[in-house]
Amino acid sequence: MAMDRRGLLKAAGASCIMTAAPRMVRPAAAQTPADYTLRIATGLVELAPQHIVSTTLYNGQFPGPLLRLKEGKRVAVDVHNDTDWPELVHWHGLMVPSEIDGAAEEGTPYIPPHSMRRISFVPKPSGFRFYHTHIVPRDDLTRGTYPGQAGALYIEPASNAGAYDREVFLVLKEFQPTLSRGGDMPMDVLVGSPIAELQQIGERADEGFKGRKGYEVSYELFSINGKMLGQGEPIRVKQGERVLFHVLNASAGEIRSLALPGHSFTIIALDGNPVPTPAEVPLLWLGTAERVSAIVTMNHPGVWIMGDLADDDRDHGMGIVVEYAGEQGEAQWVKPEPSLWDYSLFGKANAHPASPDETIEITILKHNGELDGFNQWLLNGVAFSMETMKPAYTVKQGHRYRLKLRNASDDIHPLHLHRHSFELVRVGGKETAGVIKDVVMLPGFQEVEFDFVADNPGPTLFHCHQQLHMDFGFMAMFNYA
Ligand SMILES: [Cu+2]
């Protein structure tokens with residue numbers, strides 16, 4: 001195995017961090033084959049014969065390879081960075097140490113250009129997770145989560161591996177981003193009503209930026225599993241079959257919807273965590289980086305378009321064909337009735353989460369076009385500094401923290417906490433319990449509350465998963481006391 005001395009030392013350092021007992025590091029150890037290899041490099045994705053895009057990929061493919069890991073069984077992944085810039089792989093939704101997590105803000109070392117780092121960790125918790133880059137591209141739309149650096153990761157439970165005949169992974173992703181002024185983010189996504197006080201705070205902030213609008217990102221091409229609608233193989237199903245879909249929104253910043261005409265989705269897990277109340281919904285809404293696991297009973301024969309509700313996005317590729325055995329013809333789309341997403345549907349009825357040891361309230365504010373035309377984001381008046389990376393909060397191990405996020409902006413924010421899961425407490429003005437997630441959408445001028453237990457010591461990053469938002473201030477660090 002080609003590995004320079006620096007790479008070897010880095011790998012050795014990582015393995016020392018990972019093991020409680022000191023372990024001899026011998027050259028032979030590095031020669032043990034890794035369980036997986038990820039190679040970050042420029043490559044081509046054929047979204048359609050007339051749409052071949054050059055982008056950065058894992059192993060020359062989009063999505064990156066599906067990583068199937070076993071809960072509790074240590075895994076070694078060799079990550080080769082064949083690009084000209086430093087890279088990071090973030091293990092989204094996994095409880096790993098800060099040095100492994102893949103966020104420079106937490107202290108994970110970069111993988112230097114044209115070098116390799118062996119990453120070793122014990123996968124947990126079980127369920128549908130995600131890996132992606134975590135570098136900060138700011139105005140460079142060829143880097144960060146804009147290119148094709150995303151893949152699904154599934155951690156099999158240590159016991160009870162699940163009893164489904166068929167699993168289908170769907171990775172939703174846009175390509176060819178451009179900067180634009182004014183976005184078209186869907187608004188009728190989530191239940192709940194705007195809070196007047198938050199609207200007033202937002203309006204007051206807007207007064208200083210009269211009429212100014214910051215950059216947004218729009219996309220030319222849309223795909224599921226790296227193919228535009230109508231390209232690639234359809235999902236072939238049989239009548240009566242129950243198909244478990246694992247859907248990942250791997251967008252850099254879009255909120256996505258997904259419907260299959262004549263069918264409904266029974267949600268069994270959110271962000272890979274089984275929900276207390278599996279419930280049936282007519283369509284899915286997923287914020288950036290969210291995952292939904294849902295069973296669809298195939299009881300409506302035909303050839304259908306499973307696609308996004310937005311006609312424009314679907315027409316530009318955001319969909320995949322579902323074809324019943326023995327059925328032919330052009331795939332049909334039928335516009336579904338509108339349906340708002342309500343996380344509390346999947347919660348425990350009449351239950352309350354444990355009381356927190358402390359509540360942390362954070363108000364989100366936007367300064368339109370403040371940073372060279374980009375919107376600046378402030379949490380309690382502070383935009384995160386990439387220079388100082390100063391932690392905003394200190395937590396005590398074992399304590400339960402309630403985060404109360406108040407959104408004084410009109411955008412939906414997919415909020416993400418690293419290295420921990422959280423329990424939803426209040427969404428859309430409704431109390432809930434038992435829904436465990438690592439990303440939650442917060443609609444414009446609303447509030448959300450969720451709890452996390454400080455059970456994974458080390459610097460921990462909290463941020464909006466909208467790439468533009470996180471790059472321009474929407475981050476906060478939690479340190480353990
Ligand atoms: Cu955001």
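Since every read-out is calculated from the coordinates, none of them should be taken as a lab result. Quantities reported herein were computed from a predicted structural model and do not represent experimental measurements. Methodologically, a virtual Cβ is constructed for each residue, glycine included, from the backbone with ideal geometry; neighbour enumeration extends over all protein chains shown.
Hand me the GluC sites (Glu not before Pro) from segment 217-275 located in a DSSP loop with no more than 10 other Cβ atoms within 10 Å, in residue order please.
Details: sites: Glu220, Glu241, Glu254; in loops: Glu241, Glu254.
Loop-located and lightly packed - none at all.
Apply the Karplus parameterisation 6.51 cos²θ - 1.76 cosθ + 1.60, with θ equal to phi minus 60°, to every residue of segment 432-438 and state each ³J(HN,Hα) to the nearest whole Hz, in sequence, with x for glycine and proline.
Per-residue couplings from phi come out as 8, 7, x, 8, 9, 9, 10 Hz.
Grab the beta carbon distance between Ala351 and Arg68, set R0 = 30 Å, and tell me the FRET efficiency rounded to 0.05. Working shown, then result.
Values: r = 33 Å, r/R0 = 1.09.
According to the calculation, E is roughly 0.35.
Amide H of Val395: which non-local residues (sequence gap of 5 or more, or other chain) have their own amide H closer than 5 Å, using H built in the peptide plane?
Asn479, Tyr480, Ala481
Kindly identify the chain as rounded, prolate or oblate by the Cα gyration tensor criterion: order the square roots of the eigenvalues as a ≥ b ≥ c, call it rounded if a/c is under 1.5, otherwise compare a/b with b/c, prolate if a/b is larger, else oblate. Kindly include the intermediate steps, with their values, before the conclusion.
Numbers: a/c = 1.30, a/b = 1.07, b/c = 1.22.
It comes out rounded by the Cα gyration axes.
Checking the cross-link filter: which lysines have an alpha carbon closer than 29 Å to that of Lys366, excluding same-chain neighbours under 8 positions apart?
Candidates past the 8-residue exclusion: Lys173, Lys210, Lys213, Lys390, Lys404, Lys430, Lys437.
Run the simple label-point estimate for Arg138 and Ile52 please: 7 Å along Cα→C-beta, distance reported in nm.
3.4
Between Glu280 and Arg242, with labels modelled 7 Å along Cα→Cβ, what's the label distance in nm to one decimal, could you check?
1.3
Using mean Cβ contacts within 10 Å as the protection proxy, how do 444-453, 360-369 order, highest first? The partial results should precede the final answer.
Numbers: 444-453: 21.9, 360-369: 19.2.
With the highest mean Cβ count within 10 Å placed first, the list reads 444-453, 360-369.
Quick one: Debye curve from the C-alpha atoms of segment 202-273, no solvent, what's log10 I(q)/I(0) at q = 0.13, 0.21, 0.23, 0.26 Å⁻¹?
The Debye formula, applied to the Cα set alone, gives -0.65, -1.17, -1.31, -1.45.
Enumerate the calculated ³J(HN,Hα) couplings along segment 380-391 in order (Karplus 6.51 cos²θ - 1.76 cosθ + 1.60, θ = phi - 60°), each rounded to whole Hz, writing x wherever the residue is Gly or Pro.
Values per residue, Gly and Pro as x: 6, x, 10, 8, 4, 9, 6, 6, 8, 6, 5, x Hz.
Take the Cβ-Cβ distance between Lys390 and Thr359 as r, set R0 to 22 Å, and report the resulting FRET efficiency rounded to the nearest 0.05. The partial results should precede the final answer.
On the way: r = 22 Å, r/R0 = 0.99.
Step by step, r from the Cβ atoms, then E = 0.50.
Please give, to one decimal in nm, the separation of the simple spin-label points placed at His300 and Glu327, each 7 Å out from Cα toward the Cβ.
Label at His300, label at Glu327, 0.9 nm between them.
Once the cut-off is 21 Å, how many percent of the Cα-Cα pairs in segment 312-433 end up in the long-distance tail? Walk me through the numbers before you get to the answer.
Numbers: 4608 of 7381 pairs.
In whole percent, the long-distance tail amounts to 62.
If the convex hull of the alpha-carbon atoms of segment 64-125 is projected onto planes in all directions, what is the mean projected area in square nanometres?
Orientation-averaged projected area of the Cα hull: 4.2 nm².
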